[in-house]
Amino acid sequence: MAMEEQCSAPPRWRSISLTHVEHAEGDLTGQVLAYISLFPIAILVGFVTLIVFKRELHTISFFGGLILNEGVNWVLKHIFREPRPCAGAHTTLNTDYGMPSSHSQLIWFFVVYFFLFLYLRMHQTNNARCVDLLWRHILSIVLLGIAFSVSYSRVYLLYHTWSQVFYGGVAGCTIGIVWFFFTQEVLTPLFPKIAAWPISEYFLVRDTSLIPNILWFEYTVTRSEARNRQRKLGTKLQ
């Protein structure tokens, strides 16, 4: 009976606008750019996944900077109150204000912070100097391509003007630089103490700030442990 009453007077349904991106029907380029514009959402999901499984303080700090960046964007939008282009073109928007672009600000914060982390935080630990620099340069080029593509997609899909995207990128770059050096100079010296807190030990939160190349470290430690366990297993089977 209750189900019949709900069907007779159905509520108005709304989509979750966080991931709802519209493009012109039949426009293949617009469809591709609509998917590209979802990269900031994928970044946030990726960070949550890393925090849950890695529980590393620098990753948590990086994610905290992203959240701060989004907060600053919300404040700036409500200060400038500049409307989006083609008002009414899109039906599902978090806000009608477009200055600055949150997508542009987030992606450029991420890219600039990652650049600084890649070239200043990570140091060479083996002799493959050329190979190490090569993959850093390739990754940097890929990230730049993604950042420009996301920024362009917001203009192409009529969510923002060029100036809104540009100033969003400027804000993201500025906050990314400030947050990186704040993390390095202020937060990083505190990480060992934070990692030693009982609550941090309970949740297995760790500090890897003194390890120059965490990828190489995890690879060598995991390989060594796997070989030791394999030898022990072989000894038991004999």
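A few remarks follow.
- For the stretch 135-152, putting each phi into the Karplus relation 6.51 cos²θ - 1.76 cosθ + 1.60 with θ = phi - 60° gives couplings of 5, 5, 5, 4, 4, 5, 5, 4, 5, 4, x, 5, 4, 5, 5, 4, 4, 5 Hz, in residue order, rounded to whole numbers and with x for Gly and Pro.
- On the principal axes of its alpha carbon atoms, the stretch 119-238 extends 70, 35, 29 Å, with the longest extent given first.
- Largest to smallest in accessible area, the residues Leu38, Leu120 fall in the order Leu120, Leu38 (1.4 Å probe, all protein chains included).
- Protection proxy ranking, peptides 59-69, 25-35, 206-216, average beta carbon neighbours within 10 Å, highest first: 59-69, 206-216, 25-35
- Neighbourhood charge, 14 Å Cβ-Cβ cut-off, centred on Gln31 and excluding it, Lys, Arg +1 and Asp, Glu -1: -3
- Built amide H within the under 5 Å cut-off of Gly98, gap 5+: Glu82, Arg84
- Rounded to whole numbers, the Karplus 3J(HN,Hα) couplings from phi for the stretch 65-73 are x, 4, 5, 4, 4, 5, x, 4, 4 Hz, using 6.51 cos²θ - 1.76 cosθ + 1.60 with θ = phi - 60°, and x at Gly and Pro.
- The length gained on full extension between Ile199 and Glu185, counted as 0.36 nm times the residue separation minus their Cα-Cα distance, comes to 2.6 nm.
- Seen through its C-alpha gyration tensor, with square-root eigenvalues sorted a ≥ b ≥ c, the stretch 186-238 comes out oblate because a/c lies at 1.5 or above while a/b is not bigger than b/c.
- Overall form of the stretch 33-85 per C-alpha gyration tensor (a/c, 1.5; a/b vs b/c): oblate
The values are calculated or read from the model by the stated rules, or taken from the named source; none is laboratory data. Predicted model only: the values in this text are computed from it and were never measured. Here Cβ is always computed from backbone atoms with ideal geometry, including for glycine, and neighbour counts include all displayed protein chains. Heavy atoms of the whole protein, side chains included, go into the accessibility calculation; ligands, DNA and RNA do not. Shrake-Rupley method; radii C 1.70, N 1.55, O 1.52, S 1.80 Å.
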